[in-house]
Amino acid sequence: SELKAEKDGVSDSESKVDSRIPEVPVSADDTPEVLNKALSGLSSRWKNWWVRGLFTLAMITFFFFIIYLGPMVLMMIVLCVQIKCFHEIIMIGYSVYHSYDLPWFRTLSWYFLLCVNYFFYGETVTDYFFTLVQREEPLRILSKYHRFISFALYLTGFCMFVLSLVKKHYRLQFYMFGWTHVTLLIVVTQSHLIIHNLFEGMIWFIVPISCVICNDIMAYMFGFFFGRTPLIKLSPKKTWEGFIGGFFATIVFGILSYFMSGYRYFVCPVEFNNDSNSFQVDCQPPELFQLQEYTLPSVLESVTGWTTVHLYPFQIHSVALSSFASIMGPFGGFFASGFKRAFKIKDFANTIPGHGGIMDRFDCQYLMATFVNVYIASFIRGPNPSKVIQQLLALRPDQQLHIFNSLKAHLVEKGLLPALEGAAA
């Protein structure tokens, strides 16, 4: 009886907390009037199918178009998506708590977004545009004191928040302060990792994003036609049939990265050319993107009749990316579903008909971006000689000479330098 009373007390307190949360206004139907008329004879289930399908095709077409435009446009699109996702989450907080008239809430939220972007993009510019930064005196000074400037900007916002505290709303203001910072962590940090993945080669940007898109589409289709068994309570429409069907479809899709692995435009790191002052995607493809011969296991040999196959090593890595996109990626969507259910909303916004807001489409992408960045750092990336040389050239002459003598002594000790000298003679 004590346990029952305790449980009842917990449920009562939870319901009281939920009742104190104002509801977010429900957005109106965002489907274009032309589509509403064309699909008026269909049931709501099939109408939603056609609306989602048409706008999915439109988004995929736009995705291919920005890939064609090159890495610089992709970076700008990532920044725009980041800002829109941040706006959608912050506006939920503002819609819930706007009646309290919290001073400076939206102003400080956007100010912190500016500070964090200044920090991350400044780090990226210093890392990938080192020669350009050292060549321009204003950029060199900003680069040298970048972290101090970033901290000073954040400290200004922190002091502004403290000065904005109102006696009656202390707790609520700290709630919203945490809301803003968690949003920055989820959105800005992970969009920064997407740009880092892009610099490793466009294939590390395109394949992970495409795997998430493929899993989302195929899970929806398998669930729509064959779904019977609920998967998780947070998302009642998700089914085991859709989850499993999406998994196998995404694995097959990942292996099809074979068609991209042979093009330098996709596999070469994105680098800045100081002579032309533009990005270039040209290199000698690394071993990861060179065809290798693999011997098939006896089980697969008996099924296919092939003894060996020629694959790019990246295709093996793409299986890991596809597996994560289809198994762990959906948990980003479940997290977003739980967030929306907590505030009794269906979507983050009504930007895309049939899909909701931008954040509704990117809830899984951010989790995927973090995994790809960790995966590259753990299993792919090695020392970068060009970056080491750039850093050496920025040193004073006496420091360069000291490193030269140290390197020379090391090569002599290893027995490499005499062989090089003999070859030159």
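Annotations
- Order of exposure, largest accessible area first, which applies to Ser40, Ser210 with probe 1.4 Å: Ser40, Ser210
- A simple count of charges around Ile60, restricted to other residues whose Cβ falls under 14 Å of its Cβ and scoring Lys, Arg +1 and Asp, Glu -1, yields +1.
- Convex hull (Cα only) mean projected area of region 124-256, reported in nm² to one decimal: 13.0
- Mean ellipticity per residue at 222 nm, deg cm²/dmol - from DSSP H runs of n ≥ 4 across the chain, formula -39500 (n - 2.57): -22500 deg cm²/dmol
- Shape call, region 299-404: gyration tensor on alpha carbons, a/c limit 1.5: oblate
- ³J(HN,Hα), Karplus 6.51/-1.76/1.60, whole Hz, each residue of region 259-266, x for Gly, Pro: 6, 9, 5, x, 10, 4, 4, 8
- Phi angles across region 349-355 convert, under the Karplus curve 6.51 cos²θ - 1.76 cosθ + 1.60 with θ = phi - 60°, into 3J(HN,Hα) values of 6, 10, 5, 10, x, x, 10 Hz, Gly and Pro given as x.
- 3J(HN,Hα) couplings calculated from phi for region 108-121 with the Karplus curve 6.51 cos²θ - 1.76 cosθ + 1.60 (θ = phi - 60°) are, in sequence order, 5, 4, 6, 5, 5, 4, 4, 4, 5, 5, 4, 5, 5, 6 Hz; Gly and Pro show x.
- By the Cβ-Cβ criterion of under 4.7 Å, the unpaired cysteines of the chain are Cys80, Cys85, Cys115, Cys159, Cys211, Cys214, Cys364.
- Accessible surface for Glu271 stands near 80 Å², nearest 10, in the context of the full protein assembly shown (1.4 Å probe).
- Cross-link pairs exceeding 18 Å in C-alpha to C-alpha distance, out of Lys47/Lys237; Lys84/Lys344; Lys37/Lys340; Lys233/Lys344; Lys237/Lys346; Lys84/Lys237, comprise Lys84/Lys344; Lys37/Lys340; Lys84/Lys237.
- At a probe radius of 1.4 angstrom, the accessible area of the chain per residue rounds to 59 square angstrom.
- For the chain, the carbon plus sulfur part of the accessible surface works out to 66%, probe radius 1.4 Å.
- Note on surface exposure: Leu392, Leu114 rank Leu114, Leu392 by accessible area, highest first, 1.4 Å probe.
- The chain, relative contact order [Cα under 8 Å, separation at least 6], %: 19
- Comparing Ile194, Ile389, Ile376 in a Gaussian network model of the chain where C-alpha atoms under 10 Å apart are linked, the largest mean-square fluctuation is found at Ile389.
The values are calculated or read from the model by the stated rules, or taken from the named source; none is laboratory data. Bear in mind that the values here come from a model prediction, so they are computed numbers and not experimental data. Cβ sites come from the backbone with ideal geometry, for glycine too, and all protein chains shown count toward neighbours. The accessibility values were calculated without ligands, DNA or RNA, using every heavy atom of the protein model including side chains. Shrake-Rupley method; radii C 1.70, N 1.55, O 1.52, S 1.80 Å.
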